[in-house]
Amino acid sequence: PALEDPAVVNRSAPHGMPARITEAMLTIREMDLDEMSMAFAWMWQDEQDFPDNPNKWWTRAAKGFMVGWEDGEGRLTGAFLEGIAFPVAFAITKTGGEHYSLMIDAVGVRRCFRGLGVGAAYVQHYLDRAWKVAEDPDKMLDWYEIEAVPNAVGFWERMGFTPIPKEERPAKYKNKTCLWMRKALWDEAAELREIELEKE
């Protein structure tokens, strides 16, 4: 249908989709060129349907999505559901540090698949990988850190992330529009209880 057709906007997820997507339902892997093209197609369509969406993955693709794929470090992955040919979401991880390939820089979900838990399942996949690293005493990975754009802060809070205190943020982050957040890769509550018991 033409983009001007009101029925195009607010596309619904394919018939038969479950009410909630779990991590076990997703296959997360690098995309081939055809799958990349399909991801570009829905990014463009989402941007046409929802011009006020601040993410604008299509407009920003050359600086994020493409760089994550072209640098050859495997930083760009797609999330796939059985029976659906195109990636329903993507994630780009950070670069520049030992554990950065585990840290999400950006995650995007196709508009008609939002609200099904795809983003949460995708993030959980990366958290699970980071937790495995954290269990290795030689790796010393205590926190999972992200930079949340303003409209995604609520999502990250629901995933258990909390803002990093200003005094603990590196200087280069202090004037950014993103909120720097983190989640403990250890049992933070148990450790706090232990500290309280020691005080008593």
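The values are calculated or read from the model by the stated rules, or taken from the named source; none is laboratory data. All values derive from a computational prediction rather than experimental measurement. No Cβ is skipped: glycine too gets one built from the backbone with ideal geometry, and neighbour counts run over all protein chains shown. Heads up: the accessible areas ignore ligands, DNA and RNA and are worked out on the full protein's heavy atoms, side chains in. Shrake-Rupley method; radii C 1.70, N 1.55, O 1.52, S 1.80 Å.
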* Does N55 satisfy being surrounded by 10 or more Cβ atoms within 10 Å (Cβ to Cβ), part of a loop (DSSP other than H, G, I, E, B) and either modelled with pLDDT of 85 or more or on the phi < 0 side of the Ramachandran plot (or both)? -> yes
* To do: Collect the residues in region 154-170 that are surrounded by 15 or more Cβ atoms within 10 Å (Cβ to Cβ) and in a helix (DSSP H, G or I), keeping them in residue-number order.
  => F155, W156
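May I ask you to verify whether P150 is closer than 28 Å to R169 by Cα and either surrounded by fewer than 19 Cβ atoms within 10 Å (Cβ to Cβ) or modelled with pLDDT of 90 or more (or both)? Give the steps one after another, and end with the answer.
Values: closer than 28 Å to R169 by Cα: yes; either surrounded by fewer than 19 Cβ atoms within 10 Å (Cβ to Cβ) or modelled with pLDDT of 90 or more (or both): yes.
The answer is yes for P150.
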* To do: Tell me, please, whether a residue that is in a helix (DSSP H, G or I) and either surrounded by fewer than 13 Cβ atoms within 10 Å (Cβ to Cβ) or among the aromatic types (F, W, Y) (or both) can be found in region 74-92.
  => no
* Asked: Does region 128-149 hold any residues that are touching a residue at least 60 places away in the same chain (Cβ under 8 Å) and of a type outside the set (A, V, I, L, M), and which are they?
  -> D128
* To do: For residues that are part of a strand (DSSP E or B) and open to solvent by less than 70 Å² (accessible area, probe 1.4 Å), scanning just region 14-33, find the one that is nearest to C112 (Cα to Cα).
  => L26
